[in-house]
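First comes the structure, then the notes that go with it.
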Amino acid sequence: MDIIKSDTKINFLRYHNLALVLSSIVLIAGIFSLATRGLNFGLDFTGGTLIELHYPEAPELNEVRQTLETAGFDDFVVQTFGTARDIIVRIPADETEATGAEASSRVLEALSAGVAELEMRRVEFVGPQIGQELAEQGGLALLYVLIGVLIYISFRFQWRFAVGAVGALVHDVLLVIGVLSILQVSFDLTVVAAILAVIGYSLNDTIVLYDRLRENFQVKRKCDPMELTNLSINQMLGRTVMTSLTTLLVLIALFYFGGEIIHAFAFTLICGVIIGTYSSIYIAGSLAIKLGVSKQDLMPVQKEGADQPDTEILPERFRNREA
Amino acid sequence: MNRFPPWKYALLIIVIGLGLVYALPNLFGDDPAVQVSSTRGFELQPELTGQVEGVLSDAGIEHGRIEHSPQRVLIRFSDTDRQLRAADALRESMGDDFVVALNLAPSTPPWLDALGADPMVLGLDLQGGVHFLMQVDMDAARTQQLESYVSDLRNILRDAGIRYRSVRVDRNTVVVELRSEADRDQARQYVERELGDELNVETFEGSQTSNLRLTIDEAYLQEIQQNALRQNITTLRNRVNELGVAEPVIQQQGADRIVVQLPGVQDTAEAKRVIGATATVEYRAVDEQNDPYEAERTGRIPSGSKLYYDRNEQPILLSREVIASGDNLIGAAAGFDQQSGQPNVVVTLDGAGARRMLDHTSENVGNRMAVVFIEHRPETRVVDGEEVHSTRRVEEVISAAVTREPFGKRFQTTGLGSATEAAQLAMLLRAGALAAPMQIIEERTVGPSLGQDNIDQGFRSVIIGFVLVLVLMAIYYKVFGLVANLALTANLVLIVALLSMLGATLTLPGIAGIVLTVGMAVDANVLIYERIREELRNGNTPQASIRAGYEKAFSTIADANVTTLIAAVVLFMFGTGPIKGFAVTLSLGIVTSMFTAIVGTRAVITLIYGGRKRVQSLAI
């Protein structure tokens, strides 16, 4: 069974200008949203206290709020979480600071006075200094991944590909963060982990394409980069769609069955996989071409190991002449 | 004909066999158990097993296997009701020297246990429990040290017969004011001889005095801080023992932080009270010469004394000299005086504390000695628009008792109102052995019901995602898809086996990592199969296509996985707690999936098609 016809000849790159426009629009919308609304930073980064409670029967949120006000809190948020019987109470950092780790105990005490079978599900308290550190670490992690990838691809391929791949990565990360900002998805540590996983995934896709492109450059006689890139994308289309599909399937399972806590994580990954697939088709390829990847760039790269298609690479002494 | 070397078959069988064995323990559940361990971390003697058995048979509680190790005695039960009754019975009869805690013991069969196969360790988000990150206030540790230098310096100068105007703490230094340069030179000599290793001495001129400024040597300061941290960890261990937690984790993180993890603790408020009590105690002599009420009224406090208040807000004058402090305290236990039958608290001091205590009590029989309880409460002020975190010192006299006879290392305090009061004093004393104040800067608590939900939801999403992928692969790639499904299953077994072998902790994001791996692991097979299809389309024979497919796809798979691995490794280095779990399962998944998808599927495909001379078509 084929989902994708085996010999597609879609001229993807004919639309690459359209793709650039589309990317730009979403990118600008994302940046605009980032600038005006920012990210909906979770507790990990803002600091503060979060308490998740399970009531035997759905509580009246206003009553909960009133109880907390009587207990001396004035800046807090009460929301339902998943079901009407589960609520979370969030107390921002500035209110928490005076009381430190004690705030959660006070909330529990105040609320459980009225409801006997109140169940504590989760308490998170993040001090302000920790929040700052986590934010710094998250940023550094993103940076190091980008640098590591740049080095690895330069080493395995060629700098133009590395720049193309990293360009596609930056594109993906910006788009994902932009979408998170537009939809105001809670941005916590698991989302940072998801973004790093998106980087891994999107890179995976890009590498697969570049690998094929390199092979085609080496094997095919005609060397119009544009045509070869198009050919490579078409050759890999079945694989790209199939892998994206399986990955999306498990992510959707995670999104619907993984529980409330993993929601933002799964959502980020779903966005990332879709954007990553799109970018490896449109962005990574056309970036490499725009940067001027040519046959010469790729010839000296010696593939190693058992995968060597030995009949197809010319012996060393002919290679310069051929190029 | 396609051949596959026998050694690769052997490797595959060995790896998957080992994987199955080490993944197996996860299929067996847990037995409710009670764990008995030493409060002080002493090794447990085998005789303890008999004692435990005796207690249980006296109470008429049936029990399962009893395991003894130097760290703990573990008793299994068939149900939680017996477990709870047994824990109560043991707590009552084992006394203060042992910690009795509820635990879950994996019911791994003995033969698996003998192979060292254990189930995965579940993270706090899955089994429920408390995670605290404590920040040790190193500035306070320095100030405390400086204050102790002040009294040391006074003694040195007094012994040397040098008259000084004042010795006081000035920010991060101690300043000694002397009347003349000659005095100062002399003082400097003495100070350098006595404390030269620890203090850097410089001179400067005051308005009318010749002064010395002493700063703590940087290397020595680090040593002090490291010691303070270690002392705090020890204290935390003792406090956690009071809570009766089965497998607590208490370790240093970074230069000035301590991580405390208490799996299974449900009463977090109690845990916080016991752990977060940032307190210390000091023994001081009571100034009997002066009237504290008068001092309070006039505000004129006799030199050498300091005004304190006891728990009933009554003033009391205490000497400025500290006889012994929380640092010197080894133990404090509540009990009953053997002669009078009154409740008492028996205190044990370390060598230095005992010596000073003996010196003091020999000269002060009949006088009172007080215990001051000092608490550091965290506080935030706003100074010049910037928030300043600090700790406020609250001091309170918790007991003042008459010294009946000289004592040193071990002594008892009687005259307490009740047994409860004695127990409270003992707990406060034990809690008081902190070398530097600490503050909770991060807390993550997961209730037991949420933990169970997380496990259920996590596994449900793994299974559903897994089945969806299996179905899609089988439909799309037919026979080859089924082979890939075998590889995917083997991959899942290997991830679980590796996690169990490494003793890595499984967290909710870790499960997410497994789910993601399941989705991405088929990528290698998809690459290979698409390549085989392509070769077939190009008119190659089935056998040649299989060979070419595997060979040509290899470098692509390797490149793609290495880059994902880079992301996973960086995540591991920077991530904390649960995020690390995600990075671990993702990395392991990448490595195992390469193995199963390339070596594993090829072995099976060769088994199916390799031996045949003529293969008309491939079911791909």
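The values are calculated or read from the model by the stated rules, or taken from the named source; none is laboratory data. These figures come from a predicted structure and were not determined experimentally. Every residue, glycine as well, gets a Cβ built from its backbone with ideal geometry; the counts of neighbours run over all protein chains shown.
Quick notes on this one:
- Wholly within the range B:50-144, helices (runs of 4 or more DSSP H) carrying at least 1 residues that are within 25 Å of the chain's Cα centre (by Cα): B:80-94, B:124-127
- For A:Phe125, the test of being of a type outside the set (Lys, Arg) and touching a residue at least 40 places away in the same chain (Cβ under 8 Å) is passed.
- The helices (runs of 4 or more DSSP H) found wholly in the range A:223-302 and carrying at least 3 residues that are more than 20 Å from A:His16 (Cβ to Cβ), at pLDDT 85 or above and within 14 Å of chain B (Cβ to nearest Cβ) occupy A:225-257, A:263-290.
- Being out of contact with any Phe, Trp or Tyr (no Cβ under 6 Å at 6 or more places or on another chain) and surrounded by fewer than 24 Cβ atoms within 10 Å (Cβ to Cβ) is not true of B:Met520.
- Condition met for B:Glu321 (in a strand (DSSP E or B) and either of a type in the set (Gly, Ala, Ser) or in contact (Cβ under 8 Å) with a residue 60 or more places away in the chain (or both)): yes
- If the condition is being within 23 Å of B:Gly335 (Cβ to Cβ) and surrounded by fewer than 19 Cβ atoms within 10 Å (Cβ to Cβ), then the range B:90-116 contributes B:Arg91, B:Glu92, B:Ser93, B:Met94, B:Gly95, B:Asp96, B:Asp97.
- For the range A:46-79, a tally of residues being out of contact with any helix residue (DSSP H, G or I) (no Cβ under 6 Å at 6 or more places or on another chain) and surrounded by fewer than 14 Cβ atoms within 10 Å (Cβ to Cβ) returns 14.
- Where B:Ala436 falls short, out of the listed (1) free of Cβ contacts under 8 Å to residues at least 40 places away in the same chain; (2) not assigned by TED's automatic domain parsing to the domain that holds B:Ile532: (1)
- Scanning the range A:119-157 for residues that are over 21 Å from the mean Cα position of the chain (by Cα), more than 7 Å from every other protein chain (Cβ to nearest Cβ) and surrounded by 22 or more Cβ atoms within 10 Å (Cβ to Cβ) turns up just one, A:Phe157.
- Top-ranked residue of the range A:181-197 - restricted to ones that are of a type outside the set (A, V, I, L, M) and not in a loop (DSSP other than H, G, I, E, B), ranked as nearest to the other protein chains (Cβ to nearest Cβ): A:Thr190
- Residue in the range B:424-442 that is at the interface with chain A (Cβ under 10 Å from one of its Cβ atoms), over 25 Å from B:Arg257 (Cβ atoms) and surrounded by 22 or more Cβ atoms within 10 Å (Cβ to Cβ) present: no
- Entry remark, the range B:548-566: residues being touching a residue at least 12 places away in the same chain (Cβ under 8 Å) and either within 7 Å of chain A (Cβ to nearest Cβ) or not polar (S, T, N, Q) (or both) number 12 in total.
- Hits in the range B:501-517 - residues which are surrounded by 22 or more Cβ atoms within 10 Å (Cβ to Cβ) and either part of a helix (DSSP H, G or I) or at the interface with another protein chain (Cβ under 9 Å from one of its Cβ atoms) (or both): B:Leu508, B:Pro509, B:Gly510, B:Ile511, B:Ala512, B:Gly513, B:Ile514, B:Val515, B:Leu516, B:Thr517
- The condition of being of a type in the set (Val, Ile, Thr) and within 10 Å of chain A (Cβ to nearest Cβ) holds for only one of B:Val479, B:Val493, B:Val522, B:Val483, that being B:Val522.
- For the range B:291-336, filtered to residues that are of a type in the set (Asp, Glu) and more than 44 Å from the chain's Cα centre (by Cα), the residue that is nearest to B:Thr361 (Cα to Cα) is B:Asp291.
- The residue of the range B:575-611 that is surrounded by the fewest Cβ atoms within 10 Å (Cβ to Cβ), among those that are in contact (Cβ under 8 Å) with a residue 24 or more places away in the chain and not in a helix (DSSP H, G or I), is B:Gly611.
- The requirement of being farther than 30 Å from B:Leu104 by Cβ, surrounded by 15 or more Cβ atoms within 10 Å (Cβ to Cβ) and β-branched (Val, Ile, Thr) is fulfilled somewhere in the range B:266-279, by at least one residue.
- Taking the numbered list (1) more than 30 Å from B:Pro32 (Cα to Cα); (2) outside the structural domain of B:Leu195 (by TED's automatic domain parsing) in turn, B:Arg165 passes all entries but (2).
- Just one residue in the set B:Gly481, B:Gly451 is assigned by TED's automatic domain parsing to the domain that holds B:Thr517, within 23 Å of the chain's Cα centre (by Cα) and either not acidic (Asp, Glu) or not in a helix (DSSP H, G or I) (or both); that residue is B:Gly451.
- Residue within the range A:94-115 that is assigned to a loop (DSSP other than H, G, I, E, B), out of contact with any helix residue (DSSP H, G or I) (no Cβ under 7 Å at 6 or more places or on another chain) and within 12 Å of another protein chain (Cβ to nearest Cβ) present: yes
- Selection within the range A:122-174 - under 26 Å from A:Glu260 (Cβ atoms) and not in a helix (DSSP H, G or I): A:Arg122, A:Val123, A:Glu124, A:Phe125, A:Val126, A:Gly127
Listed here are the residues, each with its yes/no results for (1) surrounded by 16 or more Cβ atoms within 10 Å (Cβ to Cβ); (2) in a helix (DSSP H, G or I); (3) over 32 Å from the mean Cα position of the chain (by Cα).
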site	(1), (2), (3)
B:Arg3	no, no, yes
B:Tyr9	no, yes, yes
B:Val34	yes, no, no
B:Leu48	yes, yes, no
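- Strands (runs of 3 or more DSSP E) contained entirely in the range B:340-412, each with at least 1 residues that are at pLDDT 85 or above and of a type in the set (Lys, Arg): B:368-383
- Enumeration of residues in the range A:230-258 that are farther than 21 Å from B:Arg533 by Cα and touching a residue at least 24 places away in the same chain (Cβ under 8 Å): A:Thr247, A:Leu248
- Pairing each residue of the range B:267-286 that is closer than 25 Å to B:Val322 by Cβ with any residue that is at pLDDT below 70 and hydroxyl-bearing (Ser, Thr, Tyr), provided the two are 6+ apart or on different chains, yields C-beta distances under 9 Å for B:Thr278/B:Thr391.
- Unique match (being surrounded by fewer than 24 Cβ atoms within 10 Å (Cβ to Cβ), more than 10 Å from every other protein chain (Cβ to nearest Cβ) and in contact with an Asp or Glu (Cβ under 9 Å, 6 or more places away or on another chain)) among B:Ser545, B:Ser449: B:Ser545
- Only residues that are within 10 Å of chain B (Cβ to nearest Cβ) and either surrounded by fewer than 24 Cβ atoms within 10 Å (Cβ to Cβ) or of a type outside the set (Asp, Glu) (or both) were counted across the range A:198-222, and they come to 15.
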